[in-house]
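Structure record follows, encoded as structure tokens.
The values are calculated or read from the model by the stated rules, or taken from the named source; none is laboratory data. Fair warning: this is a prediction, and the values are worked out from it, not measured in the lab. In this analysis, Cβ positions are derived from the backbone assuming ideal geometry, glycine residues included, and neighbour counts consider all displayed protein chains. These area figures cover heavy atoms from the full protein model, side chains too; ligands, DNA and RNA do not enter into them. Shrake-Rupley method; radii C 1.70, N 1.55, O 1.52, S 1.80 Å.
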Amino acid sequence: VQLQASGGGLVRPGGSLRLSCAASGTIFSIIDMGWYRQAPGKQRELVAVIDGGGVTNYADSVKGRFSISRDSARNTVHLQMNSLKPEDTAAYYCNARGIGAKDFVSWGQGTLVTVSS
């Protein structure tokens, strides 16, 4: 299963960006889809995840600012990021777990988000 991420870019503090990630390939069901990020010199961390029932989980640092949603029919997940801060600058990676031709855990290519004035 392949994941294609899009939507990164440069934004000023307080601005917004929307990331999208589409899964393709043989997919019978998706357990959950989410976003992780990795800033230079830091470990990759969970940003937000949404499961098949629509239950969401967010890192404390993004609660109230970021919102994750999912289009199950299109196997797509979106991350709406508002009130962005310089500390949100990182490479953002899409992740999906599910069942296809076999059980899978897939990662998309990173999309860079830079928050700077």
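Which one of these does G98 not meet: (1) assigned to a loop (DSSP other than H, G, I, E, B); (2) open to solvent by less than 50 Å² (accessible area, probe 1.4 Å); (3) in contact (Cβ under 8 Å) with a residue 24 or more places away in the chain; (4) not hydrophobic (A, V, I, L, M, F, W, C)? Of (1) assigned to a loop (DSSP other than H, G, I, E, B); (2) open to solvent by less than 50 Å² (accessible area, probe 1.4 Å); (3) in contact (Cβ under 8 Å) with a residue 24 or more places away in the chain; (4) not hydrophobic (A, V, I, L, M, F, W, C), only one is false for G98: (1).
Suppose the filter is touching a Cys at 6+ places or on another chain (Cβ under 8 Å), surrounded by 12 or more Cβ atoms within 10 Å (Cβ to Cβ) and assigned to a strand (DSSP E or B); does A5 pass it?
yes
The set of residues from the stretch 51-74 being open to solvent by 40 Å² or more (accessible area, probe 1.4 Å) and assigned to a loop (DSSP other than H, G, I, E, B) comprises G52, G53, G54, V55, K63, G64.
State whether the residues of the stretch 77-94 include one that is outside any strand (DSSP E or B), in contact with a helix residue (DSSP H, G or I) (Cβ under 7 Å, 6 or more places away or on another chain) and either at negative phi or open to solvent by less than 60 Å² (accessible area, probe 1.4 Å) (or both). Checked the stretch 77-94: no residue is outside any strand (DSSP E or B), in contact with a helix residue (DSSP H, G or I) (Cβ under 7 Å, 6 or more places away or on another chain) and either at negative phi or open to solvent by less than 60 Å² (accessible area, probe 1.4 Å) (or both). Can you name the residue in the stretch 8-22 that is in a strand (DSSP E or B) and open to solvent by 60 Å² or more (accessible area, probe 1.4 Å) and is also nearest to S72 (Cα to Cα) among such residues? The extreme case among them is R18.
The number of residues in the stretch 23-50 being without any contact (Cβ under 8 Å) to a residue 60 or more places away in the chain, open to solvent by 30 Å² or more (accessible area, probe 1.4 Å) and among the small types (G, A, S) comes to 2. Given the structure, is G41 touching a Lys or Arg at 6+ places or on another chain (Cβ under 8 Å) and modelled with pLDDT under 95? Here the answer is no, as G41 does not meet what is asked.
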